[in-house]
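Trainee: Right, I'll just put the structure down here and ask away after.
The values are calculated or read from the model by the stated rules, or taken from the named source; none is laboratory data. All of these numbers come straight from a predicted model, not from anything done at the bench. Note that each Cβ is placed from the backbone with ideal geometry, even for glycine, and that neighbours are counted across all protein chains shown.
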Amino acid sequence: MILRQPLRYLSRCKNFERFLKVNPWARRAASRFVAGESRDEALRVAAELNREGFKVTLDYLGEEVTRSEEARLAAEEQAAAVEAAAVAKLDLGLSVKLSHLGVLIDEGLAEENLRMICQRAAAAGRFVRVDMEGSNLTSGTLAMVQRVHEDLPVIGTVIQSALKRSSADIETLNRRGISVRLVKGAYLEPSDLAFQRREEITLYFMRLTESLFRDGYRPAIATHEDLLIDYAIDMAFIYGRAPEEFEFQMLYGIRRDLQEKLRDQGYRVRIYLPYGSDWYGYFMRRLAERPANLWFLLRHLRN
């Protein structure tokens, strides 16, 4: 816990980012969690995961863009990636961030980009999930997802159990039939908005899990913790959810043993597969979530 706060701070530190991104050993360490820098590399990894019996959600890394053209290029890359996956007949969806699509520049720009991605994903028979970012974007993200879902029901979103508001948000999304991926949350938030103790976040995660299995549409439980996975399986049994009606989602490069175990037990397992050159923030948040991974990085830097 002592390391989590500094690591989350470093995830937004440009000086440390510049240091790591030019360090070949840091790049090698990041490759444990990132499929590659190009679309072709990512699709090759996705194809291999499909062959092994896993589903995939693809994430083109990037966030908080400050230029409209950069946002449009990011949107085009993501739409093209999901179309290429469809041509290759990959079992693959898409995860997107609104700050990557320009929401910090103009909300209308971000919604235009999101609708374009969803239109092309729908034509390709693929699903789009809007990732949740910092709490400053939560309300706007949920409102935009609900607007787009009215016209393009190939869209879902993410809810964080760290945020105290999440129970009410899940109730709203459940009523509207919008699929939710439940995560703990990797962003540093103030105590008036978010739980600060791991035990509180875990208990709230369990409460939200029950809500999703009771009333939600195709819930996705994103965790690497055995306790929370076992609880989700119990909730699926209690509320009569068949294995094909929900899925577990896990990060590429983390708890491969657990991914294989759940797959072998007949559960749907989807791997969150990031790619792109803007890997620093994602990588640092993974270290913050599981500080044990920090020693993995330090070994590479030392060697």
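Listed here are the residues, each with its yes/no results for (1) in contact (Cβ under 8 Å) with a residue 60 or more places away in the chain; (2) under 21 Å from residue 57 (Cα atoms).
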| position | (1), (2) |
| --- | --- |
| 205 | no, no |
| 229 | no, yes |
| 236 | no, no |
| 239 | no, no |
| 249 | yes, yes |
| 264 | no, yes |
| 271 | yes, yes |
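Trainee: Let me ask you something else. Any idea which residue in the stretch 236-258 is farthest from residue 35 (Cα to Cα), counting only those that are touching an Asp or Glu at 6+ places or on another chain (Cβ under 9 Å) and outside any loop (DSSP other than H, G, I, E, B)?
Mentor: 238
Trainee: Turning to a different aspect of this structure: What residue, of 252, 204, 231, is in contact with a helix residue (DSSP H, G or I) (Cβ under 8 Å, 6 or more places away or on another chain), buried (at least 22 other Cβ atoms within 10 Å of the Cβ), within 21 Å of residue 185 (Cα to Cα) and among the aromatic types (Phe, Trp, Tyr)?
Mentor: 252
Trainee: Separate question: Does any residue of the stretch 242-258 turn out to be touching a strand residue (DSSP E or B) at 6+ places or on another chain (Cβ under 9 Å), among the aromatic types (Phe, Trp, Tyr) and closer than 15 Å to residue 181 by Cα?
Mentor: Looking through the stretch 242-258, at least one residue is touching a strand residue (DSSP E or B) at 6+ places or on another chain (Cβ under 9 Å), among the aromatic types (Phe, Trp, Tyr) and closer than 15 Å to residue 181 by Cα.
Trainee: Now, a different point. Failed condition for residue 56, given (1) touching a strand residue (DSSP E or B) at 6+ places or on another chain (Cβ under 9 Å); (2) in contact (Cβ under 8 Å) with a residue 40 or more places away in the chain; (3) outside any strand (DSSP E or B), with all others met?
Mentor: Going through (1) touching a strand residue (DSSP E or B) at 6+ places or on another chain (Cβ under 9 Å); (2) in contact (Cβ under 8 Å) with a residue 40 or more places away in the chain; (3) outside any strand (DSSP E or B) one by one, residue 56 breaks only (3).
Trainee: Of these, 168, 143, 162, which one is at pLDDT 95 or above and more than 19 Å from the chain's Cα centre (by Cα)?
Mentor: 168
Trainee: Which of the following residues is buried (at least 21 other Cβ atoms within 10 Å of the Cβ), assigned to a helix (DSSP H, G or I) and either modelled with pLDDT under 95 or in contact with a His (Cβ under 6 Å, 6 or more places away or on another chain) (or both): 298, 287?
Mentor: Only one candidate passes the filter, namely 287.
Residues are listed down the side, and each one gets a yes or a no for (1) modelled with pLDDT of 95 or more; (2) surrounded by fewer than 18 Cβ atoms within 10 Å (Cβ to Cβ); (3) of a type in the set (S, T, N, Q):
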position: 32; (1), (2), (3): no, yes, no
position: 36; (1), (2), (3): no, no, no
position: 41; (1), (2), (3): yes, yes, no
position: 44; (1), (2), (3): yes, yes, no
position: 49; (1), (2), (3): yes, no, no
position: 52; (1), (2), (3): yes, yes, no
position: 59; (1), (2), (3): yes, no, no
position: 67; (1), (2), (3): yes, yes, no
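Trainee: Any idea which residue in the stretch 220-235 is modelled with the lowest pLDDT, counting only those that are more than 11 Å from residue 205 (Cα to Cα), out of contact with any Ser or Thr (no Cβ under 9 Å at 6 or more places or on another chain) and not acidic (Asp, Glu)?
Mentor: So the residue we want is 224.
Trainee: So residue 63 fits all but one of (1) assigned to a helix (DSSP H, G or I); (2) surrounded by fewer than 20 Cβ atoms within 10 Å (Cβ to Cβ); (3) under 19 Å from the mean Cα position of the chain (by Cα); what number is the exception?
Mentor: (1)
Trainee: Still on this model: Report whether or not residue 155 is more than 29 Å from residue 205 (Cβ to Cβ) and either surrounded by 16 or more Cβ atoms within 10 Å (Cβ to Cβ) or charged (D, E, K, R) (or both).
Mentor: Against the criterion (more than 29 Å from residue 205 (Cβ to Cβ) and either surrounded by 16 or more Cβ atoms within 10 Å (Cβ to Cβ) or charged (D, E, K, R) (or both)), residue 155 does not qualify.
Trainee: Where residues in the stretch 97-128 are part of a helix (DSSP H, G or I) and either touching a strand residue (DSSP E or B) at 6+ places or on another chain (Cβ under 8 Å) or polar (S, T, N, Q) (or both), which of them is nearest to residue 155 (Cα to Cα)?
Mentor: Looking at residues that are part of a helix (DSSP H, G or I) and either touching a strand residue (DSSP E or B) at 6+ places or on another chain (Cβ under 8 Å) or polar (S, T, N, Q) (or both), I get 118.
Trainee: For residue 48, work out the one condition from (1) in a helix (DSSP H, G or I); (2) touching a residue at least 12 places away in the same chain (Cβ under 8 Å); (3) farther than 24 Å from residue 177 by Cα it doesn't fulfil.
Mentor: For residue 48, the failing item is (2).
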